[in-house]
Amino acid sequence: MSETPPAPAEPKGRFAWVRAATDRVPTRWFAGIATGAFLLVTAAFGGLATASPPAPARLEPGDAHITAERSLTVQRAVLIDELPDAGVLPEPGERVFAIVADVENQWDRPVTAGSGGIGSSLTVEDIDTDVSAARYDDTTLSPWLQPNVPARIVFAWVVPADAFAAGDQVPVTLYARSLYTGSFVTTGQWWIDPVPDAVVTVEVEDVGAGADAEDADGQG
């Protein structure tokens with residue numbers, strides 16, 4: 001009578017744990033594991049990359065750019081020697097570049113027109129300094145804009161004297177921002193994550209020396 005052959009020896013070596021582990025895994029799991037691995041590899045090579053965001057809209061001076069935060073209409077771009085009423089004090093070798101815009105707060109609470117507020121929702125190509133903002137009618141610096149109350153604002157930057165010249169076509173980028181609501185440690189709401197949404201190309205006017213806020217606005 002023949003003897004029953006001995007059972008196969010348990011796998012040994014450094015890969016033995018792989019077989020032991022897979023023996024306990026339900027077969028249906030393998031499909032999910034394979035799918036996950038495929039997705040990881042595909043994503044690594046860009047196969048699941050999200051579509052590129054749409055290019056910013058092209059607007060003309062006088063066209064309103066409206067977001068949930070504000071409505072902003074770029075009217076003019078001016079280059080002047082000094083504009084103390086707008087809170088900018090150029091030094092020798094510098095001038096003031098200013099954007100004149102009609103602004104209306106679309107939010108349900110007051111918001112500053114200056115840096116950190118609506119002034120942070122636009123940038124000018126080749127300018128990386130902080131913006132200053134003032135009302136043109138009474139020269140209030142960094143004015144607070146009430147909801148749905150329009151105001152004409154002068155946004156101003158100090159720039160090198162040779163940075164711009166009359167007739168230059170300068171792109172102004174306008175951003176759409178998202179409203180963030182804080183929780184737990186931080187509370188309150190504020191606008192974050194600026195996304196380029198429109199570009200206005202405006203021609204620079206050189207209004208010379210000693211211009212004031214009214215000259216910049218074309219009222220002088």
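The values are calculated or read from the model by the stated rules, or taken from the named source; none is laboratory data. The model shown is predicted, which means the values in this text are computed figures rather than measured ones. Here the Cβ positions follow ideal geometry from the backbone for every residue, glycine too, while neighbour counts run over all protein chains shown. With ligands, DNA and RNA removed, areas are computed over all heavy atoms of the protein, side chains included. Shrake-Rupley method; radii C 1.70, N 1.55, O 1.52, S 1.80 Å.
Worth a mention:
- When region 53-82 is filtered for residues that are within 15 Å of Val124 (Cβ to Cβ) and either at pLDDT below 95 or open to solvent by 40 Å² or more (accessible area, probe 1.4 Å) (or both), the ones remaining, listed by number, are Pro56, Pro61, Gln75, Arg76.
- Residue in region 195-208 that is open to solvent by 30 Å² or more (accessible area, probe 1.4 Å), under 11 Å from the mean Cα position of the chain (by Cα) and modelled with pLDDT under 95 present: no
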